[in-house]
Every structure is written in C-alpha cells, then in structure tokens.
Amino acid sequence: MRDSRLSQTFFNQKLSFVTLNYQITNAMNRFLLFILLITCLTFQSKAQNAVQASGNETKMGLQQAVDIALKNNISIKQSENQVLLNGLQLQQSRFNQLPNASGNVNESFNFGRSLDPFTNTFVDRNINYNQLNLSGNATIFNGYLLKNTILQNDILLRATQLDLQAMKENISLQVVSAYLNIMNAEDQLVISQSQTNITRLQIDRTDKLVRAGSLPQANLFDVKAQLAGEEATVITNQSTLDLAELNLLQLLNDRNITSVKVDRVSVPTPATGGYEATIDKVYEIAEISQPAVKAADLRIKGADKGIDIARAGFLPFISANVNVGANQSNAQKEFTQSGTKEQNFGTVLFNGTNIPLIVTQPNFAENGTTGYFTQLGNTFNYGFGVNAVIPIFNRYANKSNVTRAKIQKEGANLNAQQARLTLRQNIETAYTNLTNSAKRYDSFLVQVSALEESFRAAESRFNAGAIDFVSYSLQKTNLDKAKGNLVQAKYDFIFRTKILDYYQNKPLTF
C-alpha cells in the first residue's frame, strides 16, 4: 500500500513537471510568435510607405523601357547638345574659308571754325561730313590652318557622336539590369509565397494531429511561428521588388509613369558549357566595335591635326583686300553763272605808259548744297591690295604651341591605351563572373533537387511525429534558401551573358 502511494506521488510529480515544461514551452512559443508578428507588421508598414504612389500602373516590355529611358535621360540630352555644338563648330570652320565683307558709315559734325574737306581751308561755319565705305578681305594662304581646322573639327564631331552612342549603350545596359532585377525579385517573391502556402497547409495538418492527440500543442505553435517568419520574408521580398521597380522607374525618368510593371520575357536557361566565344575573341570584336575605343582612336587623329595647326604659325599669311568708298558734306555747294564782272588789277607800265589791267570774269552765285547722291558719285573711289605677314620671331610662341600639341597627342595615345586596357579588364571580369555564375547555378540546381527530396522525407517524418520541429524547420529553411539562390544565380548568369553580348555588338534584348 505504501509502495502504491509512493508510485502515485512520483507519477503526479512527473506529470506536474511535464505539465510545467509544456507550459514554459507554450509560453516561449507564444512569445516568439508575438515577436514575429510584430516584425511582420513593421516590415509591412515600411513597405507600404515605400511604394505609395499615384497614377495608373504602366506595363511595358524591355524594348519599350529602353526606348523611354534613352529618350528621357538627361546625360544623353547633354551629350546630344554637345554633338550639336561640335557640328556648329565644324560648320563655322568651313564658313571661315569664305571672304569677309563689312560696311562702314561715318557721320560727323563740326561747329565753329571748321576745315572745309573740299578746299582744305578753314571756314567759319558749321560743317557735317558723311563717309561711306565698303571693304572686304579674303585669305589666300595661311599655312593650311583653315583646312586642318576643318579636318580636326570633323574628327572631333565623329568622336563626340561615338561618345553619345557609348552613353546610350550604357544606359540600355542599366535598363536591362534593372529589368532582370525586377524579374528576379518577382521570382523570389513567388518562391516565398509558395513556401508560405506550404506552411499554411502544414498548419492545417498539424492542427488536425494535435486535435487527434497525435502531436503536442507546442508543435502547432512552432509551425505558426514558422509561418510568421516566412510572411516576414514575403514582405521583405515584396519590398525588394518595389525597390527594383522604383530603380527602373527612375531610369525611365518619365513623370507620366508613376508605377511600372514589366512584361515577363522568356530568358534562356543557363548553359553550364561556358560562353560561346573565348576572351580573346570577345576582345577582338569589342576592340573594333566599341564606341569608346573608336572615339579614343579618333581623338589621336584629331591631335595629329592639332600639330599641323600649330605648325601653321611658322608659315607666311597672305591675304587680299578690297575697298570702295564715297563721301558727302554740306560744305560742297553748287554755283550758277549770272553774267560777268570786271575786276581791276591795277596798271602795268609798258613803254613808259601805264596800261590798266582789267579782267572780265564770270559772276557765280551760290545755288545751295550739291545733291547727296551727286556728291557720292563725284567722290566714288575704290582700291585693292595684297598683304603678306611673314613670321620672323615671336618669342618662341609657335615652338611652344607645337610642343604643346605633341604632348596633347601623347595624352590621346595614353587615353586610347587606357580605353583598351579597361575594355580588356572588363571583358576578363565579365567572363570570369559568367563562368562562376554558371558553376553556382549548377551547384544550386543539384542542391535544390537534393533538398526537395530531403524535405519531402522530413515532412512525412514530422507529420508522423518521428522528428521534432527544429529538424523539420531546418530542412524547410535550407530548401527555401537554396531555391532563392538558384533564382539569383540564374539571373546573374543571364546578365553576365548580356554583358559579353554587348561587347560583341549583339542586341541587348531577348
């Protein structure tokens, strides 16, 4: 009897301990669930604040996104303006071969004692003087300065056009990257939502097993906590998608588009066999097709013309000039004859006799100022000449200009070498990244396949009560992570492929 009471007491203590342990576990699970729910609400609030926008959602394809971005990009517009300025500079350098002509009109007024421009004597009267002049000059020879300037400006214009092309291709590559990031984020979101749905189904199954007494209540709380964590991951992935769409929206730079969704494009499955061309082949094609390299080579030719321009300072400068002129003044008067008059100049002694000296002269009367156009016709004059300037010594300025032009050419050569070196390094980096992306994709593909089988087995054992929730959760977390890594590796591989396609002058669209 005493042994029976002792056994009953021991059983009651053991039951109390199990009950206490269960209550502690239950409380901890409830506390964990509460923390995860608060985390979910916090993420959701931040995500909603990040994506609030007005306007209708715009759905577009990759090519449309590229076209809109190229149309609205400010850097491209600035580069286009630079192309226009260089085109005007080239046009003006061609116009500089034409003769130069100018006209001059001079009107002056003198008051008081003035110099008569026709008699060259001083008179006490007010005189106004009007002079018209037309002159022109043309360059005959200037050491081929004009010719080389035209060639240099033409080269610089083509280099600027290539800069514009390179900028457009760079923006296009950014749009492709943003587009793929959206697709990657969408796939990541779908995966997390799918895993959440699986966990919800697991909650239903666990709840039934708990009600049937096959599993303790703690297992249900653990699965619910797992669901809360996965819902937080869904919110995080949604936030990542919103930011990826915002990045594309900023690249589009169109105020009429306030929200954007992309059309899903069919992307190729990563091929683990490597890229179709070797590094040397990619570089060989890129060297002759990349606008940045071609622009750098053109600037070397432009620097060559700069040396020729500087050498023109050692050669003579020959020009011709011509001028035509006429003038008018109120000092020139018209006179009319009104009879004659006799003027006595005294007497002259001849053979002892004083002979009076009387001369009959016509009598003129002032009849106003000579007409304006009559004076211009009377004073019309023209002339021409040739001018030659021969440089003898100008404090070594020409020598310094030539040396400076040679240094600029050396700088252009170094820039071209740097452009090729950067291109080579970028291709090598892209090729290595592509190879590693293919390897990662292969590895994650095998990992996902193995983890799916492992998770199915773990799920069955968990439902049967053969393993605890920690083991089940670990298997599911590993599978979710592996699927996310697989998607990330897939889009990383595709983008690396597009980079190498870009260097081979292939289209960026799919």
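The values are calculated or read from the model by the stated rules, or taken from the named source; none is laboratory data. Keep in mind that what you see is a predicted model, and the values were worked out from it rather than measured. For neighbour counting, all protein chains shown are included, and Cβ atoms are generated from backbone atoms with ideal geometry for every residue, glycine included. For the accessible areas, the whole protein counts, side chains as well, though only heavy atoms, and no ligand, DNA or RNA atoms are used. Shrake-Rupley method; radii C 1.70, N 1.55, O 1.52, S 1.80 Å.
State whether region 247-289 is rounded, prolate or oblate according to the following rule on the C-alpha gyration tensor (a ≥ b ≥ c being the square roots of its eigenvalues): a/c under 1.5 gives rounded; otherwise a/b larger than b/c gives prolate, and the remaining case gives oblate. Since a/c reaches 1.5 but b/c is at least a/b, the shape of region 247-289 is classed as oblate.
Restricting attention to the chain, close to 90% of DSSP beta bridges with both partner residues there are antiparallel. Distance between the modelled labels on Val389 and Thr119, one decimal in nanometres: 4.4 nm (7 Å Cα→Cβ projection). Oblate is the label for region 264-329, because the ratio a/c of its alpha-carbon gyration tensor axes (a ≥ b ≥ c) is 1.5 or higher and a/b is not greater than b/c. Across the alpha-carbon atoms of the chain, the computed radius of gyration and Dmax are 48.0, 204 angstrom. Here region 188-277 was treated as a single set of alpha-carbon atoms; its pair distances binned every 5 Å from 0 give 3, 12, 13, 12, 11, 11, 12, 9, 7, 6, 3, 2, 0 percent. Comparing Cα centroids, region 162-194 and region 446-508 end up 22 angstrom apart. Pairs from the table (Lys301/Lys399; Lys168/Lys261; Lys168/Lys483; Lys147/Lys301; Lys208/Lys481) lying more than 25 angstrom apart at Cα are Lys168/Lys483; Lys208/Lys481. Rg over Rh for region 357-510 works out to 1.77, using Cα positions for both radii and the Kirkwood form for Rh. The value given for region 213-364 is a Kirkwood hydrodynamic radius of 30.5 Å, derived from the mean inverse Cα-Cα separation. Listed values for region 458-463 are Karplus-derived 3J(HN,Hα) couplings in whole Hz (6.51 cos²θ - 1.76 cosθ + 1.60, θ = phi - 60°), namely 5, 5, 5, 5, 5, 5, and x replaces Gly and Pro. Across Tyr503, Tyr382, Tyr372, the residue with the most accessible area heads the list, and the full order at a 1.4 Å probe is Tyr382, Tyr372, Tyr503. Global dimensions of region 319-440 from alpha-carbon coordinates: Rg and Dmax equal 43.4, 143 Å. Counting only protein heavy atoms and a 1.4 Å probe, the chain has 60 square angstrom of accessible area per residue. For the chain, the relative contact order is 21 percent, taking Cα pairs closer than 8 Å that sit 6 or more residues apart in sequence and dividing their mean separation by the residue count.
Restricting to Cα pairs below 8 Å that are 6+ residues apart, what does the relative contact order work out to for region 142-245? Please round to a whole percent.
The normalised contact order for region 142-245 reaches 36 percent.
Helix 291-311 and the longest principal axis of the Cα set of the chain meet at an angle near 20°. Per-residue 3J(HN,Hα) values for region 117-130, derived from phi via the Karplus relation 6.51 cos²θ - 1.76 cosθ + 1.60 with θ = phi - 60°, read x, 9, 9, 6, 10, 7, 9, 8, 6, 7, 10, 10, 9, 10 Hz in sequence order (x marks Gly and Pro).
Helices in the chain, meaning DSSP H runs of at least 4 residues, each add -39500 (n - 2.57). Divided by all residues, the mean residue ellipticity at 222 nm is -23500 deg cm²/dmol. Check each of the trypsin sites (Lys or Arg not before Pro) in region 206-309 and keep only those in coil by DSSP with at most 13 other C-beta atoms within 10 angstrom; list them in order. Passing both the DSSP loop test and the Cβ count: Arg255, Arg264. What ³J(HN,Hα) values, in whole Hz, does the Karplus curve 6.51 cos²θ - 1.76 cosθ + 1.60 give for region 365-377 when θ = phi - 60°, with x put for Gly and Pro? Residue by residue, region 365-377 yields 10, 5, 10, x, 7, 4, x, 4, 6, 5, 5, 4, x Hz.
Sorting Phe95, Phe122, Phe493, Phe384 on solvent-accessible area from highest to lowest, probe radius 1.4 Å, gives Phe384, Phe122, Phe95, Phe493. First compute the accessible area of the chain with a 1.4 Å probe, then give the percent of it belonging to carbon and sulfur atoms. C and S atoms contribute 55 percent here. Taking all protein chains together and a 1.4 Å probe, the residues Arg395, Arg404, Arg205 rank Arg395, Arg404, Arg205 from largest to smallest accessible area.
Taking each pair of different alpha-carbon atoms in region 67-192 once, compute 1/r for the pair, average those values, and report the inverse of that mean as the Kirkwood hydrodynamic radius in Å to one decimal. The answer is 21.3 Å.
Taking only Cα atoms, what is the 0 to 90° angle, nearest 10, from helix 62-72's long axis to the longest principal axis of the chain? Between helix and principal axis, roughly 40 degrees. Calculate how steeply helix 2-51 sits against the longest principal axis of the alpha-carbon atoms of the chain, using the helix alpha-carbon long axis, and give the answer as 0 to 90 degrees to the nearest 10. For helix 2-51, the angle is close to 20 degrees.
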